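Just below is one structure, and these are the notes that go with it.
The values are calculated or read from the model by the stated rules, or taken from the named source; none is laboratory data. Just so you know, these numbers come straight off a predicted model, no measurement behind them. Cβ placement follows ideal geometry from the backbone for every residue including glycine, while neighbour counts extend to all protein chains displayed.
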Amino acid sequence: MSIFKKLFVFIKPYRKFCTLGILLSFLTIGSNMGLLITSAYLISWAALSPHIMELMTLVAGVRFFGISRGVFRYGERYLNHKTALHILGKIRLNLYQSLESLSPGQLTTLHSGQLLGRLLGDIENLKEVYLRVFLPPIVAFLIFVSTAYLLSLFHQYLLLNFLIFYFLATFGVAYVTSLVYKGKTKLTDTKEVLNMTLVDSIRGLTELLTSGRTKEYQQKTVGQNSKFVRFKLEFAKKSALTNSLIQLLNGLTLFSTLLLGILLINTGKLKAIWLAPLVLGVQASFEAVFGLSQLVPNIRESLASAKRIFAIEELSPQKPRPVNDGNSLIGHHELVVSNLSFTYPDGKQPAIQKINFNLNEGKHLGIVGAIGSGKSTISHLLLKFWDYQEGTITLGGKDLNSIPENYLWKTIGLVSRQTYLFNATLRENLLLAKSTATEQELLEALDLAQFKPHLAQLPAGLETKVGEGGRKLSGGQRQLIALARMILKDPTILILDEATEGLDPITEAQALDAIRSLMANRSIIMITHKLTNLNKMDEIIFLQEGKIAERGTHQELLKEQNFYYRYYQLAKSYHFS
Amino acid sequence: MTFSPTFTIGVCPMINQQLIKLAKGMGNSLILVILIGSLSGLLIIAQCFLIAELVDGAFLKEQGLTELATGLSALLSLILLRAFLFWAGEIFSLKGSLQVQTKLRQTVLGQVFRSGPLSSRQQDTGQMISSLIDSVDALEDFFARYLPTLALAGIIPLGILIIVFPRDLLTALILLLTAPLIPLFMMLIGSLADKWAKKQWHVLGKMNSHFLDVLEGLTTLKLLQKSLKQTKTIEQLGREWAETTMGVLKIAFLSAFFLEFFMTISTALIAVSLGLRLLTGNMDFQTAFFLLLLAPEFYGPLRNLGTQYHAGISATKAVENVFRLLSSSPREVQFGERPVNKEILNKQIKFENVSFYYEDQRQALRKITLSIQPQEKLALVGASGAGKSTLLQLLLGFAHPQAGQILIGELPLSAFKPESLRQQIALVPQKPHLFRGTIAENIAFFKPAATLPEIKTAALKVGLHQIVLELPAGYETIIGGGGRSLSSGQGQLIALARAFLLDAPLVLLDEATTSLDPVSEEAIQKALAELLKDRRAIIAAHRLATLKQVDRIAVLNRGSLVEIGSQAELLANEGFYYRLLNSYLGKTSD
C-alpha cells in the first residue's frame, strides 16, 4: 500500500535503531520463553534425581533469563520510543514543509475547513505509529520463526500444530477484527448525533431556557444516549471477540501441544522430559500475539491520519513558481489590472469578472461593496493567493506570474481582518516584519498605528506576552499591531482589507490618516464595506456581484446618487458602539 | 499539552474519592465484573493444576492417553470457559461504564440547565462542552478497563497465595515479599517521572503549542517571508522536545524494568529452589510444576494494571474537569408560581437599586434604578461590558439580583413563574444559536407547535422567505451542527423570525456588535422595524438606526446608569451620549 510505503520512508533513516529495537523486543519475549523453558526443564530433570552438578548449567540459565528480561525490556522501551519520537519529528517537519509550499489561498481553504486542527490531531495519532503498527508484527514474526524452529527440532507434528494455531491467532483474528470494525461507522455516527445535541444544549442555553424547552432537550439526550449505548454494546460484543479469541487460541495451542506431546511420548517419538518445557515455551510465545490484539484498529486509525497528512503533499502549488532571483529590480511599481476574472476552485459562479484598474505610484484606491461582492478576491489575486484565470495583472510592466513570490510579498503588504498574532511578546511579533528594527522604530510604528495609549496600559510594554493568537489583547488592539507591523515592513503597495474592523471610529480615522500620510507617495488599496474614511481616496471602485458597478471619487459617487450613494446612506445607520 | 500520556509508564494512579463515588453507579455490573474476575482466577488455578497433573502423568507416571483423557477433557472445557468469561467480563465492565457515563451526562446537563447563562461566563462554553463530551468519554476506559483490572490485581494474586501457602512456604514467601514491591516501585518511580515531567513541562508543552501557532499563522508568516526560517525552528524544537521527553521516559521506564525484574527474578528463584528440593526429595514433581506454573499467573494481573495506567491517569484528569463543573453550585433561584399573561407584561417594569455580581465577584450592575412604561421602547447604550446584556437576562429570570429588586406592576419579578414569564417575552440574543434541525424547526424554536404557513409568514416578515427558497431543500434544509452553515446576517434574521412567530408583548433585543455589509444591514433594520411596531421593547443597541425607533435611551457605563432620556434630551444635555454619538457622526458625515 502506498501510504505504508510513504510511512516507511520516515522510518528508513532510523533502520539501525529499528533493528536494534526489534532485536531487543524479540529478546524481551525470548527471555521469558527462555526462563520458563529452562525452569520447566530444570524441574523435570531434577525430578529424575541427577547429580547436583548436572543441574548447575540450568540454574545459571534460569538466573540469566531471570535478570535479562528486565534489562532487555528497559532497553527495548527506551530505544523504540526514541525511534518513535524521531520518526514523529520527521513527519511533523515534513507536514510543515508541505504546508509551507502551499499558496496562501490553499492555506486559507484548509483553515476555513478546520483541516489544520485535524492535521494536528493526526500528528498526535501518528505519534506511536512505529510502536503500534510496525513493531508488533515484526516481533511476532521473529518469535514465530524461532519458536517454529525450536519445535521442528522435536517433531513435525508439534511444528504443524503450532503453525496452524499461530496463523489462526494472528491472521484469523485480524480478519475477524477487520470485519467487526467495518460496522463501526454506525456507532460513530450515533455518537456524533449525541454530541451535537449536547453542544446545542450548551451553546443554545439561553434559547432553551427562554423557550422552556430544556426538559425536551434533556429527554432528547436521554433517547440518543440510550441508542448510543445500545449500539456500543452491540459493537463491543463483537469487538471483545478479538481478545477472547486470542485467549482461546492461546489455550487451545497449549492444549493441543500437551495432547500431541502425550501421544508422541506414548509412541516413543518424544522424550518425556521435554513435555513440560515445550508446553510452557509454546504458551509463552503467545506474548507476541497478544501484542497484536489492537493492531487492526491501530492500523485503521494510523492509515486514516497518514492519508490526510500525505494528502497535503499532493496539493502542490498550481503553477511552478518562478525562482527567486534576489531583488529582481523593477523600475517602477505601477499595478495594472485588466479584464481580470476569477472563479474559485470550488465555485460555480465567477467571484470577479472583467475588473480593470490602474494603480500608479502614490494612488490611493478604495474598493467597496457588500460581503461576497469579490473585494477580497482582488487582493488575494494581487498577492498570488491564487493564480488568476483570465485577464492580466502587471506590476511595473511585468506579468505577475513572472515575478517571484518573495519579491511580490516584499513589495505588496497586506493587513486583513484575519490578523494573526503569534504567541510571543509584542516585540517579537513586530520584529517579524523587520528583524533589524531598532527600539525607536518599533515605538514609532506603534505610535503611527495609534497603539501608544494601549501600550501605556501594558505594564510589560513591548515585552507583553500576547497569548495564543493574541487573545490577551482585544480585537481592536490586534488590528492596530497588525498595522504597526505593516508600517515596519514598509511596503511599496499597501492593501488594507477591512483592516480597521473592530476599531472605534476615532482611532480608526486617526490610524488611517497616519497611514495615508506615511504612504503619500506610495500606493494604497483600501477594501471596506463600511464606507467610512473614503473621502480622501483618489478613486473608489464599487463592486456588485463581482463586477464594477460604479467608479469615481467619494464626492463624484455621492453626486451620482446611485449605488454608492444608497449604500452610504444605509451605512450611516451603522454601529456607534 | 503536557507530558504525553499515551506512553505507557506503568504506575498505579491514585484513585480519588470522586471516582469511587462514580464507580458505585456501575451497580450490579461492577459486582458481576468482580465475580467473573474471581471465577477466572479460580479457573486459572485449576488450569495450572490440571496441566501439572497431566504433565506429571505423562512424564513420570508414564500414563497413556486413556488414563489422561478425563484430565484432558477437563482442561479443554476450562480453556473454553475461560475464553467465554473473558468476553463476558469485557461486556459487563463496558455496560457498567456506560451506565456511569449516562448518569454523568444527565447530571452535568441538568447542572448546566439549572445554572443558566448568567452563572457561567460566555467564554467558558468551550470548557463546558469539553467537560460534558470529552471528559465523560475519557472515563470509559477507566470504568471499562482500569477498574476491572484493578479488582483482578487484588483478587487473583490473593487466591494464588491461599493455594500456594499450604503447599510450599518458601514459594509463598517469595511471592508475598515481591508482590508489594511492584506497586510500591511503580508508584515511587511514577511520581518521580511525574515530578521530572512537571519540571520540564515548559519544554514539553512548547513543541505542540509552537507548532499549532505556526500553522495557524502560516499565511502571515509567508507574507512576511518568514515561513522558511520556521523549518529550522521546528526541527530544532522537535529535537529538544524529543530529548526532554526521553529524559522523562528514561525514568518512567524504570518502573517497567522493576516490574519485569521482580516478576522474572522471583520466578527464577522459585524454579531454582523447587529444583533443589526436588533433587533432595523434599518435594514431588507435580506440586513443583504446579507452583512454577502459578508464579507467572501471580504477577500477570499486576502487569496488566501497568498497561492500563493511561486510562487511570486520564480518568483522574477528566473527573477533575467534570467535578469542577458540578461543584460550582448554582445560586438557588427561587421563583413564585404566579402565571404571567399579556396584561401583566403591559404594566410598568421597575428596576429599584438593582446590583448584580457574577460568581467571580465581578460587578455587572451597580444600583440601577429605572422604570419602563407600558408600550415604551427603551434602548440601552454603552460599551461592551457595561451591563446591557446582564440587565436583559435578569428580566428573563435567569438569576436574582443580589441587591435591589425588579418589579412588574406592584409585584416583584420573583413572584412569577419563570416559564410563564418567558412565554410572554420574545428574546433576540446577540449571537443567536442555530440548533441542529431544519430551518422551519429553527424558526419555530420558541413556538414548536407553529404550522408551516405561520412559519413562512414570519420568514416573509423578516425577509428570510426568499433566501430560504433559494436553498436546495427550502424550509427542510438542515442547519446547525453538521448542517448547512448560514451567514451571521441570516442567523440574525432567523432570530427575528423566531420573535415574530412567538408574538409576545415584550421584546428583549440584544443587538449584534459585528457589522454586516449594507445589504444585510438593511434587511435586518427592515425586519426589526416591523417587529418593534406596536410592541414594548428593551434593546441593547449598537446601531444608530435602532436608536431612531425608541422612545428613551438609557446610557450605561461599567454597570451604572449614567443618563436616561429621549434622544433629543440627551443630545441637549451634551453628556456621555452626546460625546459618544458625536465621535461617530463626526467621522461619517464628512
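Points to keep in mind about this one:
- Of the helices (runs of 4 or more DSSP H) entirely within region A:409-492, none holds at least 3 residues that are among the hydroxyl-bearing types (Ser, Thr, Tyr).
- Whichever residue in region B:375-391 is of a type in the set (A, V, I, L, M) and under 19 Å from B:Gly575 (Cα atoms) and, among such residues, is surrounded by the most Cβ atoms within 10 Å (Cβ to Cβ): B:Val381
- Every residue from region A:193-221 that is in a helix (DSSP H, G or I), more than 7 Å from chain B (Cβ to nearest Cβ) and free of Cβ contacts under 8 Å to residues at least 12 places away in the same chain: A:Leu208, A:Lys215, A:Glu216, A:Gln219
- Region A:233-242, residues that are surrounded by fewer than 19 Cβ atoms within 10 Å (Cβ to Cβ), within 7 Å of another protein chain (Cβ to nearest Cβ) and either farther than 28 Å from B:Phe84 by Cβ or of a type outside the set (Lys, Arg) (or both): A:Leu233
A quick yes/no check of all residues on (1) among the polar types (S, T, N, Q); (2) over 16 Å from B:Gly116 (Cα atoms):
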| position | (1), (2) |
| --- | --- |
| B:Val354 | no, yes |
| B:Tyr358 | no, no |
| B:Gln363 | yes, yes |
| B:Lys367 | no, yes |
| B:Leu370 | no, yes |
| B:Gln375 | yes, yes |
| B:Val381 | no, yes |
| B:Thr390 | yes, no |
| B:Leu395 | no, no |
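- Criterion applied to A:Ser44, A:Ser49, A:Ser39 was being in contact (Cβ under 8 Å) with a residue 24 or more places away in the chain, over 15 Å from B:Pro296 (Cβ atoms) and within 7 Å of another protein chain (Cβ to nearest Cβ), and the one residue passing it is A:Ser44.
- Checked against the criterion of being at pLDDT below 85, under 30 Å from A:Asp538 (Cβ atoms) and touching an Asp or Glu at 6+ places or on another chain (Cβ under 9 Å), the candidates A:His364, A:His332 yield just one match: A:His332.
- Of B:Asp284, B:Asp213, B:Asp194, all but one fail to be among the acidic types (Asp, Glu), assigned by TED's automatic domain parsing to the domain that holds B:Leu43 and under 27 Å from B:Leu43 (Cα atoms); the exception is B:Asp284.
- Only one entry in B:Gly463, B:Gly385 is over 36 Å from the mean Cα position of the chain (by Cα) and modelled with pLDDT under 90, namely B:Gly463.
- If the condition is being under 39 Å from the mean Cα position of the chain (by Cα) and among the β-branched types (Val, Ile, Thr), then region B:511-529 contributes B:Thr513, B:Thr514, B:Ile524.
- Residue satisfying all of: in region A:245-271; at the interface with chain B (Cβ under 7 Å from one of its Cβ atoms), out of contact with any Lys or Arg (no Cβ under 9 Å at 6 or more places or on another chain) and free of Cβ contacts under 8 Å to residues at least 24 places away in the same chain; nearest to A:Lys182 (Cα to Cα) among these: A:Phe255
- Remark: pairs (first residue in region B:10-39, assigned by TED's automatic domain parsing to the domain that holds B:Ala193 and under 17 Å from B:Leu85 (Cβ atoms); second residue modelled with pLDDT of 80 or more and exposed (fewer than 14 other Cβ atoms within 10 Å of the Cβ); Cβ separation under 9 Å; 6+ apart in sequence or on different chains) = B:Leu30/B:Lys24.
- For region A:178-192, filtered to residues that are within 14 Å of another protein chain (Cβ to nearest Cβ) and of a type in the set (Val, Ile, Thr), the residue that is surrounded by the fewest Cβ atoms within 10 Å (Cβ to Cβ) is A:Thr188.
- For A:Arg230, the stated conditions do not hold, so it cannot be described as closer than 30 Å to B:Ala499 by Cβ and more than 7 Å from every other protein chain (Cβ to nearest Cβ).
- Selection status of A:Ile378, aliphatic (A, V, I, L, M), within 30 Å of A:Lys348 (Cβ to Cβ) and assigned to a loop (DSSP other than H, G, I, E, B): no
- Within region B:165-202, being polar (S, T, N, Q) and either in contact with a strand residue (DSSP E or B) (Cβ under 9 Å, 6 or more places away or on another chain) or at pLDDT 85 or above (or both) holds for B:Thr171, B:Thr178.
- Within region A:393-406, the set of residues being in a helix (DSSP H, G or I), in contact (Cβ under 8 Å) with a residue 60 or more places away in the chain and more than 10 Å from chain B (Cβ to nearest Cβ) comprises A:Asn401, A:Ser402.
Residues are listed down the side, and each one gets a yes or a no for (1) facing chain B (nearest Cβ under 8 Å); (2) at pLDDT 90 or above; (3) over 30 Å from A:Phe385 (Cα atoms); (4) part of a helix (DSSP H, G or I):
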{"residue": "A:Met53", "(1), (2), (3), (4)": "no, no, yes, yes"}
{"residue": "A:Gly61", "(1), (2), (3), (4)": "no, yes, yes, yes"}
{"residue": "A:Leu95", "(1), (2), (3), (4)": "no, yes, no, yes"}
{"residue": "A:Leu110", "(1), (2), (3), (4)": "no, no, no, yes"}
{"residue": "A:Glu124", "(1), (2), (3), (4)": "no, no, no, yes"}
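- Screening the candidates B:Pro401, B:Pro412 for the property of being under 31 Å from the mean Cα position of the chain (by Cα) and away from chain A (no Cβ under 14 Å) yields one hit, B:Pro401.
- Residue check, A:Phe26 among the aromatic types (Phe, Trp, Tyr) and more than 8 Å from chain B (Cβ to nearest Cβ): yes
- Restricted to region B:530-579, the set of strands (runs of 3 or more DSSP E) holding at least 2 residues that are within 14 Å of chain A (Cβ to nearest Cβ) and either under 40 Å from the mean Cα position of the chain (by Cα) or crowded, with 22+ Cβ neighbours inside 10 Å (or both) comprises B:536-540, B:552-557.
- Any hit, region B:482-496, residues being in contact with a helix residue (DSSP H, G or I) (Cβ under 8 Å, 6 or more places away or on another chain), in a loop (DSSP other than H, G, I, E, B), crowded, with 22+ Cβ neighbours inside 10 Å and of a type outside the set (A, V, I, L, M): no
- Residues located in region A:230-273, provided they are of a type in the set (Val, Ile, Thr) and either farther than 30 Å from B:Ser97 by Cα or touching a Gly at 6+ places or on another chain (Cβ under 8 Å) (or both): A:Thr253, A:Thr257, A:Ile262, A:Ile265, A:Thr267, A:Ile273
- Residue tally, condition more than 12 Å from every other protein chain (Cβ to nearest Cβ) and surrounded by fewer than 20 Cβ atoms within 10 Å (Cβ to Cβ), over region A:491-515: 2
- Residues in region B:74-89 that are closer than 13 Å to B:Ala46 by Cα and small (Gly, Ala, Ser): 2 in all.
- Residues that are more than 7 Å from every other protein chain (Cβ to nearest Cβ), among the small types (Gly, Ala, Ser) and either touching a Leu at 6+ places or on another chain (Cβ under 6 Å) or surrounded by fewer than 21 Cβ atoms within 10 Å (Cβ to Cβ) (or both), drawn from region B:232-261: B:Gly247
- Selection from region B:262-320 of residues that are facing chain A (nearest Cβ under 10 Å) and of a type in the set (Lys, Arg): B:Arg277
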